[in-house]
There are 2 protein chains.
Amino acid sequence: MATGRTHRPATRSRGIPEATVARLPLYLRALTALSERSVPTVSSEELAAAAGVNSAKLRKDFSYLGSYGTRGVGYDVEYLVYQISRELGLTQDWPVVIVGIGNLGAALANYGGFASRGFRVAALIDADPAMAGKPVAGIPVQHTDDLERIIKDNGVSIGVIATPAGAAQQVCDRLVTAGVTSILNFAPTVLTVPDGVDVRKVDLSIELQILAFHEQRKAGEETTMETAAGDIGSLPAAAAAHGTSADDSADQGPDGDVPAVMPA
Amino acid sequence: MATGRTHRPATRSRGIPEATVARLPLYLRALTALSERSVPTVSSEELAAAAGVNSAKLRKDFSYLGSYGTRGVGYDVEYLVYQISRELGLTQDWPVVIVGIGNLGAALANYGGFASRGFRVAALIDADPAMAGKPVAGIPVQHTDDLERIIKDNGVSIGVIATPAGAAQQVCDRLVTAGVTSILNFAPTVLTVPDGVDVRKVDLSIELQILAFHEQRKAGEETTMETAAGDIGSLPAAAAAHGTSADDSADQGPDGDVPAVMPA
DNA sequence: AAATGTGAAAGACTTCACAGCA
DNA sequence: TGCTGTGAAGTCTTTCACATTT
């Protein structure tokens, strides 16, 4: 979804494709596991299998970073770990704030992978005064009133929003004003941000809906049914057109659903 | 991370592009909001703005579903809500099980958006005997031992994995064996599944790393620094090279990614 | 006059397949 | 021989721009 698109048109200094960037963390994880097992080198084939991609793609991805492999041998694990970490900016410390310490916020604060790779939870912020001072994951929750100060005092540039949808945009605005330029949004809402600010979204219900789409399709196949019967019962109910002149008679016949995709 | 690949020629009968499917939930959410405000119709321009995409893309997306708009007018909100819901398979009930009731699992169980759109948390499962019986989000947690029975008794086809990485593959195998064909994986690990099973992954640390990448770039631009100084200190420290110590092996499925859907 | 639906062009990403190096 | 690195081909996605319909 990559909300935050819109990078400056320029900045072509190092054009690593977005799709490649999105896979680097995957490779890094696989490499880290190999490193822990003291495996010295891997071939693109092996590493690709561990990361769940195909080897040609992996080699192409690495080619954007430079030539870090050895023909006939493979890649040096430690060296690659370092190169990818550096490329991703993980060799530096990233203080992060989490806003909205409900169930999800607490889960995120406790998430191990967070602290590991260069990210450090600098502060937890919540709008509920009752939460203030209470420690979550060993970090005392602070009140929203101090948001700006917290951001500035800690030099935070990455913010995580785990508030209810209704509060997300407002929190986002404050974060941005205070200097945050990258946001990870867990609230089920579209955030509007000024140019130069990156937003990534994680949305549970969207993922489930995508799964449901495929699941539905599988079910339909099995039985070779093509009329997708079974739903006809629960009709639109909408159908009825509001003003919009266009009387319903137009298309949707009572059963005339079956949208016949692909109108020639 | 786009999951469902698809080798097969891709059944053109109803070929809705994966990228379009991934956006339908977005449109649906925007439409639902409009519906609640009793807005009768929207133009592609307005709806696109609400969903955070551009209007040409939205129109193209809708064109795969059929011709549900009215030229010169726009789209009937209620009607579109129904059509998209049906296309996504949300007009039916999807029982879901969540495995791994730690911080994250509990957050998911409590997540409102879950219950809303056709998804119903049929059961919560955890390996810790101490959790058994304890209610989370009003649902009693059950022990992993009963996983297979629970799946079957409830006709579950969608499973959510929120266990630690180490347990994920095993849980996945059991879910699949018991009949689950769609999995939403929150564990930071690559899951291997047989053909016909869909896996989607949500990975916090990957999202953060992608943000860090862009964040780093921004910082670099501002100061025109390009040597990313300050890191040179922590060098690779790699180099050693053993022979081909490929012991693990296990390079299974060629494209261990996601399978797919729709055999022609 | 307004706004959809869609060919066609442009762009991004993936896969192929093989030259070239260790 | 084994495996990387990469042009070229193929596929998917986005964007353009306009004919078409209400």
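Bear in mind that the values in this text are calculations on the coordinates, not laboratory data. Because the structure is a prediction, the values reported are computed rather than measured. Cβ atoms come from the backbone with ideal geometry, glycine included; neighbour counts cover every protein chain shown.
What to note about this one:
- Cβ-vector label at 7 Å, B:P17, separations to other copies in nm: 1.6
- Taking a ≥ b ≥ c as the square roots of the eigenvalues of the Cα gyration tensor, an a/c ratio below 1.5 marks the stretch B:94-201 as rounded.
- Copies compared at A:R120 - label distances in nm, ascending, label defined 7 Å from Cα in the Cβ direction: 4.9
- Cα-based reach from A:K152 at 28 Å (exclusive), listing lysines while leaving out same-chain residues under 8 positions away: A:K134, A:K201, B:K218
- Shape call, the stretch B:52-137: gyration tensor on alpha carbons, a/c limit 1.5: prolate
- In order through the stretch B:171-180: 3J(HN,Hα) via Karplus (6.51 cos²θ - 1.76 cosθ + 1.60), integer Hz, x for Gly, Pro: 4, 4, 4, 5, 4, 5, 4, 6, x, 6
- Note that the stretch A:34-46 has calculated 3J(HN,Hα) couplings of 5, 4, 5, 8, 6, 7, x, 9, 9, 8, 4, 5, 5 Hz, one per residue in order, obtained from phi through the Karplus relation 6.51 cos²θ - 1.76 cosθ + 1.60 (θ = phi - 60°); glycine and proline are x.
- Residue order for A:V81, B:V39, B:V99, fewest other beta carbons within 10 angstrom first, comes to B:V39, A:V81, B:V99.
- Residues whose placed amide H lies under 5 Å from that of A:L184, excluding near-sequence neighbours: A:G159, A:V160, A:I161, A:R200
- Taking the Cα atoms of the stretch B:12-88, the ratio Rg/Rh between the radius of gyration and the Kirkwood radius comes to 0.93.
- Euclidean distance of C-alpha centroids, the stretch B:140-178 and the stretch A:59-122, integer Å: 30
- Close amide H pairs (under 5 Å, H built 1.01 Å from N) link B:R120 with B:W94, B:V96, residues at least 5 positions away or on another chain.
- Inter-copy label distances at B:E148 (7 Å, Cα→Cβ; nm, one decimal): 6.1
- Using the Karplus relation 6.51 cos²θ - 1.76 cosθ + 1.60 with θ = phi - 60°, the per-residue 3J(HN,Hα) values for the stretch B:93-105 come to 8, 10, x, 10, 10, 10, 10, x, 9, x, 4, 5, x Hz, with x marking Gly and Pro.
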